[in-house]
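Structure first, then comments.
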Amino acid sequence: MALKNILSPFLIFSFLFSIAQDKTRSYLTDAKLAPREHNVDFTHLRLEVSFDPAIGLVRGKVTERFLPLRPEIDSLVLDGVNIKVKEILLNGKAVKFKNDSSVITVYTGTPLTWGSSDSLVISYEAHPHKGLYFIGWNDKNNVSRKQIWSQGQGTDNRCWIPMYDEMNDKVVSEVLVAFDKTYKVLSNGTFKGSKDNKDGTLTWHYSMSHPHAPYLIMIGIGNYEVLETKSKSGLPMHLYYYPEWKERAQLTYRYSEQMVDFYEKEIGVPFGWESYSQIPVQDYMFGAMENTSATVFGDFFFVDARSNLDRNYVGVNAHELAHQWFGDLVTANSDAHHWLQESFATYYDMLFEQCIYGEDNFNWSRRNAQNSALEESKKNNYPVAHSDGGTVRHYPKGAFVLSMLKYVCGREGYNKAIKAYLEKYKYGNVDSQDLLRSFEETLGYSLDWFWEEWVYKGGEPDYAVEFQELNSGCQFVVKQTQELKPTSGLPVEGNQQVTATNDPFVSEHGSTYRPGGLYSMPFWFEVHYTDGSVEKKMQVIERASELVTLANANHKKVDFVLFDPGNHVLKAVTFAKSFEMLQAQALKADQMLDRYDALVGMRALAPDVKRETLLQVYNKETFQATKAEVISQLASDADPLSVALLKRAIADKDVLVRKAVLNSFNSPDKELISALEVLVRDSSYEVCASALEKLCKLNPSGTLNYLDAAKGVEGTVGRNVICKWLEIAYATKGDKEYADKLIAYSGSSYEFRTRANAMGALKRLDYFDTGLVDNCVDAMLTNNSRLSGPAGDCLNYFFAQDRYKATIGEYLKSKKWNRWQAQKLNAYLTSK
């Protein structure tokens, strides 16, 4: 619950003002803190490009308009990785240039000065290994899709477009693509039309009307149809799909129009571009990419109804759409502030999914974010605003930080400041201070303390909490037990001591010193009584040890107590409670996370102690996480009541509950094994594959029956069921045709998830084939780490065995490798 909903505006202001204290800072250094220097401002980029996909060739011409940023310049630098430049014209005249493997230096001849408006025209060719990907054009089996698509983030567009490729300079882009007219072409912005060419190709013309970062320039080419639709606000939407997957389009893109309307209302700023397109592509190495007005996503999200049970596109769809505001409309000016893009997209996805899937789902997402952040802090102490912060800090932890910011400021105040932030920096670049400044200017609060604790410094607080009943009432004892260090929490002066300000609010709370590394946050405390009444109190916890007292004037009997009900503050907590208190909390607490935490508190207890309570909880609960926790604690309990509950869970309509049974169950109990057999034919492909594997392990005598039950089921994208089926079938029967099918699936005719699944199966089977070597090497040379990694692991597994080492070595010697290929292969085979 937001503070504004409980406290008076005066108290909110007092709290926010009082803990904006010392400005001493001690941070981890960041080599990418400052934006890259450049001496010109590029304003417009026109790209004219064609391709020879069979040899991975790009033929292009780029026209770039720019303004000098210095009083006088005699050269300028462009990025261009292994691009072969044929000619450069400056203001229509050929000029000298220097072209190395990564940078193109253009010499102006006559110096350019402030106030001039200049242009470059660069004619070039490239064979990119990153940034632009040619899919399926050399598939000898003609099974793979044939596509060309780009992936510019982080700075990979420079591998196929010569330009200043950094996020701190924005251009209005225009893209013209000449290609085979039987294919469709997508790029950023408005489709301006197409024209026929004499060579039988078609030139597609797209143009933006507002500036955006160069890494967001995209193209997508393939065999597609387009679903045309609009949001309620009138935004044109172009949703691409494979013609043979037409029946999947509505399912994959569900809620797309609703997302636009939700964000425009929640954020308060209209969608900033002319239209919005989405296009699935094969072998995409990430989940999706928020290119301006045109999102690219992996076609493994383009699922049928059964696959939709396991993983769908809704969350990724919402995340990438949110980027059209956070990342595209306003863009971080350096990698140190990358969280301003990913944390916001993650958080607003959580908000949208809250509307679709409910409050419990939203809170469970926050809990997962919290767990991820705490685990990541065991490895290092990087903050959210740091280029090395990593995925966990930039995505889930940063999203939780934004949730806490709303908790502190209230929903209305938070939304007002975010709206001001986006409107002020629209189509521009930002850093973390710009966001802080927007909150300070919009709301008048001093939130520097919040940025110090949660944005600029790493780590999280760790609280040890005790509850005591006294004659005069009751009290919580709260201690901060995390290691105190200047790179986390509030600032430090001198010998780990920071003197608090003399502000009356602070003085009233008796805060004389605050060691570096302590956190200051507002917490709610609740005492629930057996008569159903509840007493609540909010208090700022800022010192190493604090007492929070509640009156209990009528000496009521305490039922259970809560510290930070609903888990609004990111933290680790140790709070020992009696079984009776945990029991009451698990059955009576209003919020799912509080009930779940009570269940977690029972993990160490014997089944006989907690069984009845757990059964009651399961019967009352509707959310999968609490049900799964009950299942995990009773999965090994042989009591008939627990067995009966597991049987019910096997038939639960929620696929996540059914998965929880499979994940928790490892017993040879024949009665439960018999009950589990139905899951081999489950509506979920993942349940089907997991059940097949687990049942064959627990009951080997039934393997042939289980194989028969799952025969002919291909599975989701990645062919998870059939790859598992082939693995078990070969291990059981030894029929070479099953292994040969896995070898085929590991080849380049198939998308990367199928290939990785097949390679993993062959590795577990210890099945070696020269065809596998060829397929692994091909996969190792891709830039998709989710394919090259498993391929490298597979080949290394066999290379480490003397009986295969020579064969693999001879294969590698028999081929001609480019330098980068040889380096990549050597890195894999010598890294283990």
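Couple of notes before you dig in:
- The residue that is nearest to the chain's Cα centre (by Cα), among those in the range 265-322 that are assigned to a helix (DSSP H, G or I) and of a type in the set (A, V, I, L, M), is V316.
- Inspection of the range 716-727 finds no residue satisfying the criterion of being over 24 Å from C794 (Cβ atoms) and open to solvent by 20 Å² or more (accessible area, probe 1.4 Å).
- Boolean, N99 is under 37 Å from the mean Cα position of the chain (by Cα) and without any contact (Cβ under 8 Å) to a residue 24 or more places away in the chain: yes
- Which listed residue is over 19 Å from A369 (Cα atoms), among the hydrophobic types (A, V, I, L, M, F, W, C), surrounded by 16 or more Cβ atoms within 10 Å (Cβ to Cβ) and in contact with a strand residue (DSSP E or B) (Cβ under 6 Å, 6 or more places away or on another chain), from A589, A584, A544: A584
- A single member of S194, S209 is more than 28 Å from K96 (Cα to Cα), hydroxyl-bearing (S, T, Y), part of a strand (DSSP E or B) and open to solvent by 40 Å² or more (accessible area, probe 1.4 Å), and it is S194.
- Test: residue in the range 375-389 that is outside any helix (DSSP H, G or I), among the β-branched types (V, I, T) and in contact with a Phe, Trp or Tyr (Cβ under 9 Å, 6 or more places away or on another chain): yes
- Filter result (under 22 Å from H210 (Cβ atoms) and surrounded by fewer than 17 Cβ atoms within 10 Å (Cβ to Cβ)) within the range 232-264: S233, G234, P236, D261
- Under the condition of being polar (S, T, N, Q) and either more than 13 Å from S293 (Cα to Cα) or without any contact (Cβ under 8 Å) to a residue 24 or more places away in the chain (or both), the residues counted in the range 198-223 number 3.
- Within the range 642-661, the set of residues being open to solvent by less than 20 Å² (accessible area, probe 1.4 Å) and either at positive phi or among the hydrophobic types (A, V, I, L, M, F, W, C) (or both) comprises V643, L645, L646, A649, I650, V655, V657, A660, V661.
- The range 273-302 residues that are over 14 Å from V226 (Cβ atoms) and open to solvent by 10 Å² or more (accessible area, probe 1.4 Å), paired with ones that are part of a strand (DSSP E or B) and of a type in the set (F, W, Y) (beta carbon under 8 Å, 6 or more apart): D283/Y133; G287/F297; A288/F297
- For the range 93-126, the set of residues classified as of a type in the set (A, V, I, L, M, F, W, C) and farther than 18 Å from T63 by Cα consists of W114 only.
- Between E125, E64, the distinction of being touching a Lys or Arg at 6+ places or on another chain (Cβ under 7 Å), assigned to a strand (DSSP E or B), of a type in the set (D, E) and closer than 20 Å to D165 by Cβ belongs to E125 only.
- Considering the range 685-734, the residues that are among the basic types (K, R) and touching a residue at least 24 places away in the same chain (Cβ under 8 Å) include one that is farthest from P790 (Cα to Cα), namely K694.
- Options E693, E677, E671; residue that is under 28 Å from S746 (Cα atoms) and of a type in the set (D, E): E693
- For the range 104-129, the set of residues classified as under 30 Å from I221 (Cβ atoms), modelled with pLDDT of 95 or more and open to solvent by 40 Å² or more (accessible area, probe 1.4 Å) consists of E125, H127, listed by residue number.
- Where R158 falls short, out of the listed (1) crowded, with 23+ Cβ neighbours inside 10 Å; (2) among the charged types (D, E, K, R); (3) assigned to a strand (DSSP E or B): (3)
- Taking residues in the range 399-427 that are open to solvent by 20 Å² or more (accessible area, probe 1.4 Å), and partners anywhere that are modelled with pLDDT under 95 and in a helix (DSSP H, G or I), the pairs with Cβ atoms closer than 9 Å and at least 6 places apart or on different chains are R411/K4; R411/N5; E412/K4.
- Residue count for the range 428-444 satisfying the condition of being open to solvent by 10 Å² or more (accessible area, probe 1.4 Å) and of a type in the set (S, T, N, Q): 3.
- Of the strands (runs of 3 or more DSSP E) contained entirely in the range 540-632, those carrying at least 1 residues that are among the acidic types (D, E) and in contact (Cβ under 8 Å) with a residue 24 or more places away in the chain fall at 545-550, 558-563.
- E125 falls short on exactly one of the conditions (1) under 30 Å from V430 (Cβ atoms); (2) in contact (Cβ under 8 Å) with a residue 60 or more places away in the chain, and that condition is (1).
- Of all the numbered requirements in (1) open to solvent by 10 Å² or more (accessible area, probe 1.4 Å); (2) in contact with a Phe, Trp or Tyr (Cβ under 7 Å, 6 or more places away or on another chain), A710 misses one, and that requirement is (1).
- Boolean, S144 is polar (S, T, N, Q) and within 16 Å of N291 (Cβ to Cβ): no
- Across the range 664-702, the qualifying residues are those that are open to solvent by less than 10 Å² (accessible area, probe 1.4 Å) and part of a loop (DSSP other than H, G, I, E, B), and the one among them that is modelled with the lowest pLDDT is F665.
- Which listed residue, of E174, E166, is in a strand (DSSP E or B), at pLDDT 95 or above, acidic (D, E) and surrounded by fewer than 24 Cβ atoms within 10 Å (Cβ to Cβ): E174
- Of everything in the range 170-197 that is under 25 Å from the mean Cα position of the chain (by Cα) and not small (G, A, S), the residue that is farthest from Y745 (Cα to Cα) is K170.
So that you can scan it fast, the table gives a plain yes or no per residue for (1) more than 21 Å from S690 (Cα to Cα); (2) without any contact (Cβ under 8 Å) to a residue 12 or more places away in the chain; (3) surrounded by fewer than 16 Cβ atoms within 10 Å (Cβ to Cβ):
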position	(1), (2), (3)
K736	yes, yes, yes
K741	no, no, no
Y745	no, no, no
R753	no, no, no
Y767	yes, no, no
A791	yes, no, no
T807	yes, no, yes
L812	yes, no, no
Q823	yes, yes, yes
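- The condition of being within 23 Å of M289 (Cα to Cα) and buried (at least 21 other Cβ atoms within 10 Å of the Cβ) does not hold for A373.
The values are calculated or read from the model by the stated rules, or taken from the named source; none is laboratory data. Keep in mind the model is a prediction, meaning the values are calculated, not measured. Note that we place each Cβ from the backbone using ideal geometry, even for glycine, and neighbour counts take in every protein chain shown. In case anyone asks, the SASA skips ligands and DNA or RNA and just uses the protein heavy atoms, side chains included. Shrake-Rupley method; radii C 1.70, N 1.55, O 1.52, S 1.80 Å.
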